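The values are calculated or read from the model by the stated rules, or taken from the named source; none is laboratory data. Note that the structure is a prediction, hence the values are computed from the model and not measured. Cβ placement follows ideal geometry from the backbone for every residue including glycine, while neighbour counts extend to all protein chains displayed. These area figures cover heavy atoms from the full protein model, side chains too; ligands, DNA and RNA do not enter into them. Shrake-Rupley method; radii C 1.70, N 1.55, O 1.52, S 1.80 Å.
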Amino acid sequence: MSTELGVVVVNYRTAGLTVDCLRSLAPEVAAHPGTHVVVVDNGSGDGSLERIAAAIEAGGWGGWARAVAAGGNRGFSAGNNVGLRLLLDAAAPPGPPDWLWLLNPDTLVRPGAVRALLALGRARPRAGVVGSRLEHEDGTPQRPTFRFPSLPGELDRGLRFGPLSRWLGAHAAGALPAEACRVDWVSGASLLVRRQVLEEVGLMDERFFLYFEEVDLCRRAARAGWERWYEPAARVVHLEGQATGVSFDVSRRRTSPWILESRRRYLVKHHGLAYAALADLTWVAAHLAWRLGTRLQGRRLPVAPHLLADFLSHSVLRRGRA
């Protein structure tokens with residue numbers, strides 16, 4: 001026997017956000033009896049585990065939620081795998097869930113999100129991964145669907161030139177779809193994955209400490225013949241960056257080294273050293289062209305401090321497979 005849905009939330013020193021996430025989940029769980037939620041504390045060391053456990057007891061959520069310790073912080077992928085293994089343990093009642101939902105602690109689930117996600121999964125037998133509409137607190141959308149990394153994509157990302165993005169089309173980051181559609185990969189802030197996918201391709205790759213772990217999972221699912229879908233009817237508020245401490249305001253913060261490290265690891269893993277080196281060269285050339293163009297036009301556009309130096313320091317051109 002199996003239940004339909006299991007949820008994993010990985011906490012690292014964000015107990016308040018995690019409790020708010022659980023509170024938003026409570027009505028969804030009531031509408032889908034049998035749902036079980038595992039909160040994994042990734043070695044916070046700040047009393048988070050105790051605070052979350054106390055909130056679960058005080059909220060009367062103990063029938064569907066539990067908090068467990070990961071035994072240290074080995075990264076986001078490893079933390080998710082702790083929860084996934086617990087949920088997939090066939091010996092644990094009521095048995096393994098049909099679907100596993102990876103949910104960031106800095107999210108708030110809008111009413112009906114679970115229903116929309118599961119409905120799409122039921123209707124599409126080859127849908128292996130389903131992503132949500134991610135939005136800010138005021139309801140404005142974030143960009144939750146993406147294309148797999150590619151050489152044209154690196155060119156577009158480096159040049160930051162609107163007409164080129166439109167011309168590249170399928171290789172650019174992708175427009176925000178208004179209806180459910182197939183995509184390459186979806187954000188791990190809210191990612192529903194079919195149990196069969198994990199049984200076929202394995203759990204999260206723990207060599208990705210932070211970032212690109214969901215891209216890697218979706219790439220492995222794609223190679224196994226599973227579709228990836230985006231369902232905008234499943235609305236989830238994402239308090240972007242609050243769980244990781246990484247700001248996405250490129251005019252103020254340096255690019256996180258975790259992003260650059262994981263990007264290199266992904267490219268080498270799935271495309272090899274030569275392709276990764278060519279991708280790095282493509283981005284560097286495009287970025288330099290963009291900088292020259294903006295300088296000649298007398299424009300000042302936002303760019304992350306030390307972006308080129310940081311990129312090169314983590315590039316396969318310098319680091320290889322390291």
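The figures follow:
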| read-out | value |
| --- | --- |
| Mean accessible surface per residue for the chain, computed with a 1.4 Å probe while every protein chain stays in place, in Å² | 46 Å² |
| Relative compactness, the chain, computed as alpha-carbon Rg over 2.2 N^0.38 Å | 1.01 |
| Principal-axis tilt of helix 273-296 within the chain, Cα atoms, nearest 10 degrees | 60 degrees |
| Principal-axis tilt of helix 15-31 within the chain, Cα atoms, nearest 10 degrees | 60 degrees |
| The chain - mean residue ellipticity at 222 nm from DSSP helices (-39,500 (n - 2.57) per run, n ≥ 4, rounded to 500) | -13000 deg cm²/dmol |
| Alpha-carbon centroids, segment 282-311 and segment 33-105: separation in whole Å | 43 Å |
| Sites Leu176 and Glu57, calculated FRET efficiency, Cβ-Cβ separation with R0 56 Å, nearest 0.05 | 0.90 |
| Cα point-scatterer Debye curve for segment 75-153, base-10 log of I(q)/I(0) at q = 0.11, 0.16, 0.19, 0.27 Å⁻¹ | -0.42, -0.87, -1.14, -1.31 |
| In degrees, nearest ten, helix 76-88 long axis to first principal axis of the chain (Cα) | 30 degrees |
| Spherically averaged projected area in nm², based on the convex hull that wraps the Cα atoms of segment 13-114 | 6.1 nm² |
| Normalised contact order of the chain, rounded percent, pairs of Cα under 8 Å and 6 or more residues apart | 20 percent |
| Isotropic mean projected area of the C-alpha convex hull, segment 272-322 (nm²) | 3.7 nm² |
| Positive-pole candidate from Tyr12, Val40, Leu176, dipole of the chain, charges at beta carbon | Leu176 |
| Size of charge dipole - the chain - debye, nearest 20, with Cβ of Lys, Arg +1 and Asp, Glu -1, no other charges | 1240 debye |
| Accessible surface of the chain [probe 1.4 Å, protein heavy atoms]: carbon and sulfur percent | 55 percent |
